[in-house]
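The values are calculated or read from the model by the stated rules, or taken from the named source; none is laboratory data. Note that this is a predicted model, so its numbers are computed, not measured. A quick note on method: Cβ atoms are made from the backbone with ideal geometry, for glycine too, and the neighbour counts reach across all protein chains shown. For the accessible areas, the whole protein counts, side chains as well, though only heavy atoms, and no ligand, DNA or RNA atoms are used. Shrake-Rupley method; radii C 1.70, N 1.55, O 1.52, S 1.80 Å.
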Amino acid sequence: MAQLLIRRILTSVVTLLLASFLVYFATSALPGDVAQQLLGQDATEEALAQMREDLGLEQSVWAGYAAWLGGILTGDLGTSLVSGEPVAGIIGGAFGNTLLIAVPAIVIGVALSLALGVAAAVRRGRGADTSISMISLAAMSIPEFVIATLLVLVFAIAMPVFPAVVLMGDDAGLGDLLPAVWLPVVTLVLVMAAYIIRAMRSSTIDTMATEYALTAELKGLRRRDVLLRHVVPTALLPVLPVIAINIAWLLGGVVVVETIFNYPGLGALMIDSVSTRDLPVLQAIAIVTATVYVSVNLVADLLAMLIDPRQRGTTRSRAAAPKEETA
Amino acid sequence: MSTQTAAPRQRRITAAGIGAAAVVVTILIALLSPWLTPYSAVATNADAALLGPTPAHWLGTDQYGRDVLTRTLEGGRYALLVAFLATSIAVTLGTLVGAVAAYADGWLDEAISRVLDAILSVPAVLALLLIVTVFGQGLWVIVLAVSIVYAPAVARVVRGAARPVVSSGYVAAARARGERALPIIGREILPNVLDTVLVEFAMRASWVVLLVSTLSFLGFGANPPTPDWGLMIQENRTALTVAPLGTVAPIVSLAVLVIGLNLAADGLAKRMGVDRAARAAA
Amino acid sequence: MTPARAQAGADPVIDVANVSISYASGTRMVPVARNITFQVYPGEAIALVGESGSGKSTIARALLGSLRAGSQLVGGSVRVGGADVFALPAPELRSLRGGTVALVAQNAGHALTPSLRVSTQIAEALRAHGLDASAARITRLAELVRLGDPSLLQRYPHELSGGQQQRVAIAMALAAEPEVLVLDEPTTALDVVTQRAILDLLAELRSTLGVAVVLVSHDLGVVAEIADTVLVMRRGAEVEYGRTAQVLRAPGAEYTRTLVAAAPRLDRDAAQGPGPADPEHREPSRDGAGAGQAARPGPGPVLACRGLDVRYRRGAPLAVKGFTAEIMSGETLAVVGESGSGKSTVAQALAGLIAAENGEISFAATPSDAAEGSAPAPRSDLLKRAGRRSLQVRRAIQLVFQNADLALNPRRTVGDSIARPLRYFRVVRSRAQIAERVESLLTEVGLDGSFAGRVPAQLSGGQRQRIGIARALAAEPSLLIADEITTALDVSVQAEVLDLLRALQRRRGLSCLFISHDLAVVQRVADHVAVMKSGEIVEQGTAGQILIAPAHPYTRQLLDSTVDLSTAVKE
């Protein structure tokens, strides 16, 4: 068990290292003059030289990567090319704001989707299932910028209950942001729910068809008990990675939603940095989101081990096998 | 053991048929669009800006006086082209890598899996924006970028589908004959993951269309004045209350295409016995 | 037809009257059971017997008011304990399930919920019927089924052996003291020794608890041991219904006769080895001294292993330790043992699917090599994977697989699958020759040329296994490795495949390594037998020696545990 845990955590670390390597190389080491790309054709020689130095392009790629990685490990994410401020501070604030919309969206979205997925599976083929399936298919098919645009139209313009966009800009305080989080949260829930509902529905249907679900029913248990105790825990297993992907995607900065609602989170920062070609900030965002992705997946795997004793890799079963029944 | 109930399956086939029809019609319209209306999709006309529906302009005009119907009909071209190219590359690449990983089963499999995970760990939109920042917004840059972003997911799914094939008797028989890895992958493994690959194609295509539209919406995909649904929604949404059709028309077109692709993928998955919902993870 | 019941005064605890069940396939209703009628009296045991698709499981589950999705009762009634099962309101149906009639499903490994400790699952069964679910009560149930160490109750299902899982499943079924126990293939997934122990337990429970039993099985040996009456089913309909001893000894219906004849039986007295089929070749008295040389020239060893060690991965324990055996030209060596004994690993190592770690293998790739009479020289490439062996060796050793469903590429036609080795080994070259050879191979395995165009999905299990054999024969091997080739087949098909194998061996002078867990099957085909346990051979010799007069206690235990028809039929 402990061995398995350590192995799993090491795997995560290796994945992260690889990801950081890819990000660094994709942005700094590819052919062509990055500085030229960033500054444009009519940049002066001095500006180019300055930029190369700022980006560490003078050194060999490996030395540059090592220095950059070392910085990350010590909490130094570099300085913004635009504002000259430390990247860590910029990202910290934006990430906090993203959490403010992501956490409620995750909590509501996951709980709601799992319940709806199970409900659809139980009523398979009937009206409720058909409507849930059709709505989730539609939600999957309509991009979030459309959902967000429509929500803005309906709520903020036709019946102004919520503020449609945040006007305060980057230094908005918590009090300013709170009323503005609801529409983004609703959009995010709508977009992520579809995948989780579909996965949970299909997994629940599969699990309901297992021998052990039938056995539980045929020993006289109520259907509710069969469902909650015997079906749902196992049905959750294949859905956990789906949830993990959705969470990682949410925390990774919901670029579109934040842009439309003018919400100062990680996604909006990403778009700004692309427009201003602020490479250090983009690299740092990539690392932060990759870390989120890897950690969320790690947590999903650990949860799976918690739910499913088979994944804990006990060695007892093997020890028990040979001495069976020989007496 | 499992008894197939045929009634819902038949309904599925019809839904898939509708989906496929929607996709085909969208593609046809995109191909024929230059000859479908008398207007140019890009020429501006300040005198006719933001008109409502008229007999001359069925869906009205946008803020530059361009015919919304014309732009909507042509608006699928960019997304469809990128989606077709990028999905083809991503699925081909992913299938090969996935099949090799499944067959290799050892350190090579482990190494491939780690690299795939690392690529997947950077969110798709961010990866695309990074690539676009460095390489610009050219069509092929976006096609290749989208391919690289989606190939690992395809590879993971194909690897999963190929694992049971690798442990089957016919692959063992080929190995016992002494056949080399490539013929085994080509002759025995790939034909048996074809179902999965086809479903992947339909499903990834729908995601790529969404992603490309999102990029255009954000201003990093199609360049103005190219007619593109994502870009149109971005341009026209400020005039949503004055001339709503300018936004609604591309939204409906985009939704029809993606719902069509999704229905087709669902139907395909159902008919081929591939569980599609369970793999939204990859 | 109905066997006379002399249960004075008692009402039947189960009364199935004219039951028909169908499932909806599109707009058609496909019958799965037609007009089935039987009664079971308290304490009695009935067996529903048939091959796959006979509808026996459907009827058994209907006793608990359970039908597969899409199926429905289209006629007749099922009464259990006096109540009409399909007319019961939900709460009563729940108390009937587990309370009056309880199910032990086919494979306990699949029937126990993986995420719950087994004690919790037993406690649930108690609580569902309003019974005391204390630890003491659960422990008593565990003692009743002889689970052994009570700490096993705190484990999760996957931490128990197959036999222990089955005991837990039985304890769970018995929790609410039902009047009827429905056993759906209760021992099919178990090893012989474990099967014996479970059957003994069931007999004991019947006599102590007086519970009635409905047994679903395809195995006439198991049926003979448990059931008082037997209902033979085929394609949903009754074939024969009567007292077990009578039906098995003097079957009335032709189909039952076929089943009884096909049932593997272990002849423990006969002085002959592999059955009466071809006396001219089989000389079971050849116990190493070479007494059988008169039958055929040059019966030297085709293959000889010395001290073979195999492990699956580096660092893993040895799966096979010091395997030493010879296969004589034209003869069959059967390797028997329980699951995990390493017998399939031997097959895989010899076929080149895994590399051997140590040892020596010598092999006569051509018949003339073997005709010398002495063992050929050891070859180092035989310890390696197939990819590193010479083409000649790869061609001469061919493998037939356990699970016929997975043995053929579902995307290729039968003709394609058989043609592949023909092309790969350049057995014949031209297109016309290949087509001709495919057809002759198909005919040789009892099919015909029209099969070449079909895909595996259009074939039955037995036909697939024949194609698997044809594909192996295409390479013109001298040694055939058959790994549990009859395990997944119905008995009648199993008998046909075994007969085919023996006919081919005789015709082609093939040698065979036959891997099996079933001693009755082994007796039908083997000249020599090696018994394996925990990766090592515990005993080997001629089939006659091993199966009639075993020396090692483990072999004796295996033999004593074998459940077959011989006793039932002889009585």
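Annotations
- Put simply, the amide H of C:Met532, placed in the peptide plane, has neighbours under 5 Å in C:Val336, C:Gly337, C:Val538, leaving out anything fewer than 5 places away on its chain.
- Placing B:Val115, C:Val118, C:Val192 in order of accessible area, with the largest value first and a 1.4 Å probe, yields B:Val115, C:Val192, C:Val118.
- In chain B, a dipole from Cβ-located charges (positive for Lys and Arg, negative for Asp and Glu) runs towards its positive end, and of B:Gln63, B:Leu28, B:Ser88 it is B:Ser88 whose Cα lies farthest in that direction.
- Per-peptide average of other Cβ atoms within 10 Å, ordering C:439-452, B:170-183, C:328-341 highest first: C:328-341, B:170-183, C:439-452
- In percent, rounded to a whole number, the relative contact order of region A:87-318 is 27, using alpha-carbon pairs under 8 Å and six or more apart.
- Helix C:491-508 and the long axis of chain C differ in direction by around 10°, with both axes built from C-alpha atoms.
- Among the helices of chain B, those built from whole DSSP H runs whose Cα atoms reach 15 Å or more along their own axis and whose mean Kyte-Doolittle hydropathy is at least 0.0 are B:6-32, B:76-104, B:107-121, B:124-135, B:139-166, B:190-218, B:245-272.
- Mean partner shielding of peptide C:116-126, defined as the number of other chain Cβ atoms within 10 Å of each residue Cβ, is 3.
- Rounded to 5, the percent of DSSP beta bridges in the protein assembly as shown classed as antiparallel: 55 percent
- Solvent exposure, largest accessible area first (probe 1.4 Å, DNA, RNA and ligands not counted), of C:Glu179, B:Glu235: C:Glu179, B:Glu235
- What you get for the protein assembly as shown, charging only the Cβ of Lys and Arg (+1) and of Asp and Glu (-1), is a dipole of about 2320 debye around the Cα centre.
- A:His230 exposes around 0 Å² of accessible area when a 1.4 Å probe is run over every protein chain in place.
- Relative packing of C:553-561, B:148-156, which averages over residues the other C-beta atoms within 10 Å, highest first: B:148-156, C:553-561
- Two-site FRET efficiency, C:Arg556 against B:Leu198, from Cβ-Cβ distance with R₀ of 56 Å, rounded to 0.05: 0.50
- FRET efficiency for the C:Asn35 to A:Arg223 pair, using the beta carbon distance and R₀ = 30 Å, is estimated at 0.45.
- If you sort B:Leu139, C:Leu259, B:Leu198 by accessible surface, 1.4 Å probe, largest first, the order is B:Leu198, B:Leu139, C:Leu259.
- Near C:Ile354, the amide H atoms lying under 5 Å from its own belong to C:Ala349; only residues 5 or more places off or on other chains count, and H is placed 1.01 Å from N.
- The mean number of partner chain beta-carbon atoms within 10 angstrom of a residue's beta-carbon across peptide A:289-298 is 3.
- Rounded to the nearest 10 degrees, the angle from helix C:192-209 to the longest Cα principal axis of chain C is 20 degrees.
- Residues B:Phe84 and A:Val61, FRET efficiency given R0 of 41 Å [Cβ-Cβ distance, rounded to 0.05]: 0.70
- Extending 7 Å from Cα along the Cβ direction at A:Val103 and again at B:Arg180 yields two label points whose distance is 5.8 nm.
- In the assembled protein chains, A:Trp249 presents an accessible area of approximately 80 Å² (probe radius 1.4 Å).
- Per-residue ³J(HN,Hα) for region A:7-14, Karplus 6.51 cos²θ - 1.76 cosθ + 1.60, θ = phi - 60°, Hz, x for Gly and Pro: 4, 5, 5, 4, 4, 4, 4, 4
- Subtracting the Cα-Cα distance of C:Ser440 and C:Glu177 from 0.36 nm times their residue separation leaves 88.7 nm of extension gain.
- Between B:Gln63 and A:Val154, the simple spin-label model (points 7 angstrom out along Cα→Cβ) gives 2.5 nm.
- Mean per-residue shielding of peptide B:174-184 is 6, counting Cβ atoms of other chains within 10 Å of each Cβ.
- Secondary structure note: in region C:427-557, about 55% of the DSSP beta bridges are antiparallel.
- Take each peptide in B:160-168, C:76-84, A:70-78, A:202-210, count the other Cβ atoms within 10 Å of every residue, and average; sorted highest first, the result is A:202-210, B:160-168, C:76-84, A:70-78.
- Derived from the Cα gyration tensor, the three semi-axes of the equivalent ellipsoid of region A:57-146 are 46, 16, 13 Å, largest first.
- Cα-based helix-to-principal-axis angle, C:118-128 vs chain C, degrees rounded to 10: 30 degrees
- Kirkwood-type hydrodynamic radius, chain B: 20.7 Å, calculated from all non-identical alpha-carbon pairs.
- Taking amide H as placed 1.01 Å from N in the peptide plane, C:Ala45 has its amide H under 5 Å from the amide H of C:Val213, C:Asp228, C:Thr229, each at least 5 places away in sequence or on another chain.
- The protein assembly as shown: translational diffusion in µm²/s, Stokes-Einstein, Kirkwood Rh over Cα pairs, 4 °C, 1.567 mPa s: 38 µm²/s
- Computed across region A:87-318, the Kirkwood radius stands at 19.5 Å (inverse of mean 1/r, all Cα pairs).
- Label point 7 Å beyond Cα of C:Ala83 along Cβ direction - residues of region A:216-241 with amide nitrogen under 18 Å: A:216-224
- Each Cα pair of region C:183-234 feeds into the Kirkwood radius, which the Stokes-Einstein equation turns, at 25 °C and 0.890 mPa s, into a diffusion coefficient of 213 µm²/s.
- Farthest toward positive dipole pole in region A:87-318 [+1 Lys/Arg, -1 Asp/Glu at C-beta], among A:Ala88, A:Pro104, A:Leu236: A:Leu236
- D_trans [Stokes-Einstein, Kirkwood Rh over alpha-carbon pairs] for chain C, 10 °C, 1.306 mPa s, µm² s⁻¹: 62 µm²/s
- Dipole axis of chain C (+1 Lys, Arg; -1 Asp, Glu on Cβ), positive-most option in C:Thr324, C:Gly210, C:Gln39: C:Thr324
- For chain C, the Cβ-based charge dipole about the Cα centre amounts to some 2040 debye (Lys, Arg positive; Asp, Glu negative; other atoms uncharged).
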